[in-house]
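For reference, the structure discussed in these notes is given below.
The values are calculated or read from the model by the stated rules, or taken from the named source; none is laboratory data. None of the values given here were measured: they were computed from a predicted structure. When we count neighbours, we look across all protein chains shown, and the Cβ atoms used for this are built from the backbone with ideal geometry, even at glycine. To get the accessible areas, we keep the full protein, side chains included, count just its heavy atoms, and leave off ligands, DNA and RNA. Shrake-Rupley method; radii C 1.70, N 1.55, O 1.52, S 1.80 Å.
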Amino acid sequence: CKTCPGRVLCKLPCSGEKEVDLAVQSAKAAFKIWSQMSGMERCRVMLEAARIIREQREEIATMETINNGKSIFEARVDIDISWQCLEYYAGLAGSLAGEHIQLPGGSFGYTRREPLGVCVGIGAWNYPFQIACWKSGPALACGNAMVFKPSPFTPISVVRLAEIFTEAGVPKGLFNVVQGGAATGQLLCQHPDVAKISFTGSVPTGMKIMEMAAKGIKPVTLELGGKSPLIIFSDADLENAVKGALMANFLTQGEVCCNGTRVFVERKILDTFTKEVVKRTQKIKIGDPLLEDTRMGALINRPHLNRVQGFIKQAKEQGAEVLCGGDLYVPDDPKLKNGYYMRPCVLGNCKDDMTCVKEEIFGPVMAILPFDTEEEVLERANATKFGLAGGVFTRDIQKAHRVVAALKAGMCFINNYNVSPVELPFGGYKSSGFGRENGRAAIEYYSQLKTVCVEMGDVESVF
């Protein structure tokens, strides 16, 4: 339990070959029913699921906080995004259509947008419920079934989503949940009746999934890691830029793949910006994530906390300066004394070749780096294997658009950060993956196009 460390909430057996096959076969049977329903029929069921989530917002958010350790304040936002996602794709379900193409001599062709079949979703532990909705929303809207495997670190809330879909009226087995780690994921990816895999997680695991999918010629969507740049120009609104930097680094204890952890600050305002960021970071309330005024809860588990601490230790050894935080935090509440808490960290005197600047830490650690020119900062910002996100703060709107056009990243922000409306596609470049979640773009990754050519005259034969 993330809110009472050491307490076992429940025990969930890992799904083996038998359980995975049962889940896939159940989804396959449900797919035959769901795929034959009209888009409007699917729309009504998905709207009902969204309504249930919206009405049970507090209960589900509390479950997610216990599941993950993030603050209840953030968990409520996650649940709101989740029901909005289902509402959005419910609205698109009835509008999915092909096109008619006129051909010579009265002949014509048309296209049909058809579902893929049983899709697999593999989620991450930082946004368990929200990621499951991001994947199931477009999948179900297009007429697919889904078997979802949450992270073994956060197995609980997705089970509630499966119950909600059933309550809303989807065919039994349309959204199935299996539990387990890498072995269960491998069974899913290699199952012959799985048509597509959508994965959110680390680059090494994404590579393995891509290899397994290749053997079955299965399409994949990969939403992987990041080491995103956040560029603060001297003409930016300082207060807004500071708030943006905090949002880009400390949401969900810093455990966010698109976080802007490389904060490039124009040298003219480096000292002023750094001083204000440190002051605001030191005021972040840490502790029991179920308390209303808590803004940073516990990291996911002890090994991950140790890993983040290791990055900070290495940063100091390589010459970075800890301007604030980075140490373990022990809340006053005795039941939380063994919790996985740390103070959010700001690193100064950073260089581009430091490990803390090059590698994804996935914790509340911000690295500040000075720059002098636009050309220079763009070259440095793009000098990474990742390409998930990037941001720019400036009052010069021409400069803002010029900079984001030059950033090699799939999700860019101007004068804000970590805003993820479901209407906008989300996904990365380079090692951060490919394919898109959210927006109309996701429909392309959960459907396939069939072309039909109709001859209205006699066949012109060459024989």
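Computed quantities for the displayed model
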{"item": "Index of the failed condition, HIS304 passing every other in (1) surrounded by 13 or more Cβ atoms within 10 Å (Cβ to Cβ); (2) part of a loop (DSSP other than H, G, I, E, B); (3) in contact with a Phe, Trp or Tyr (Cβ under 8 Å, 6 or more places away or on another chain); (4) not basic (Lys, Arg)", "result": "(2)"}
{"item": "Output for the stretch 283-308, where each listed residue is without any contact (Cβ under 8 Å) to a residue 60 or more places away in the chain, under 14 Å from THR252 (Cα atoms) and among the basic types (Lys, Arg)", "result": "LYS285"}
{"item": "Flag for PHE311 being closer than 23 Å to ALA381 by Cα, aromatic (Phe, Trp, Tyr), in contact (Cβ under 8 Å) with a residue 40 or more places away in the chain and open to solvent by 30 Å² or more (accessible area, probe 1.4 Å)", "result": "no"}
{"item": "Number of positions in the stretch 369-385 that are open to solvent by less than 10 Å² (accessible area, probe 1.4 Å) and among the small types (Gly, Ala, Ser)", "result": "1"}
{"item": "Total residues in the stretch 233-284, condition of a type in the set (Ser, Thr, Tyr) and either open to solvent by 10 Å² or more (accessible area, probe 1.4 Å) or assigned to a strand (DSSP E or B) (or both)", "result": "4"}
{"item": "Where VAL330 falls short, out of the listed (1) under 21 Å from ARG302 (Cα atoms); (2) assigned to a strand (DSSP E or B); (3) free of Cβ contacts under 8 Å to residues at least 60 places away in the same chain", "result": "(2)"}
{"item": "Filter result for GLU292 (outside any helix (DSSP H, G or I) and surrounded by fewer than 23 Cβ atoms within 10 Å (Cβ to Cβ))", "result": "yes"}
{"item": "Some residue of the stretch 80-93 being assigned by the TED database to the domain that holds VAL177, assigned to a helix (DSSP H, G or I) and free of Cβ contacts under 8 Å to residues at least 40 places away in the same chain", "result": "yes"}
{"item": "Within the stretch 205-232, considering residues that are open to solvent by less than 10 Å² (accessible area, probe 1.4 Å) and of a type in the set (S, T, N, Q), the one nearest to VAL265 (Cα to Cα)", "result": "SER228"}
{"item": "Residue match in the stretch 386-394 (condition: open to solvent by 10 Å² or more (accessible area, probe 1.4 Å) and not in a strand (DSSP E or B))", "result": "yes"}
{"item": "Residue in the stretch 7-17 that is open to solvent by 70 Å² or more (accessible area, probe 1.4 Å) and in a helix (DSSP H, G or I) present", "result": "yes"}
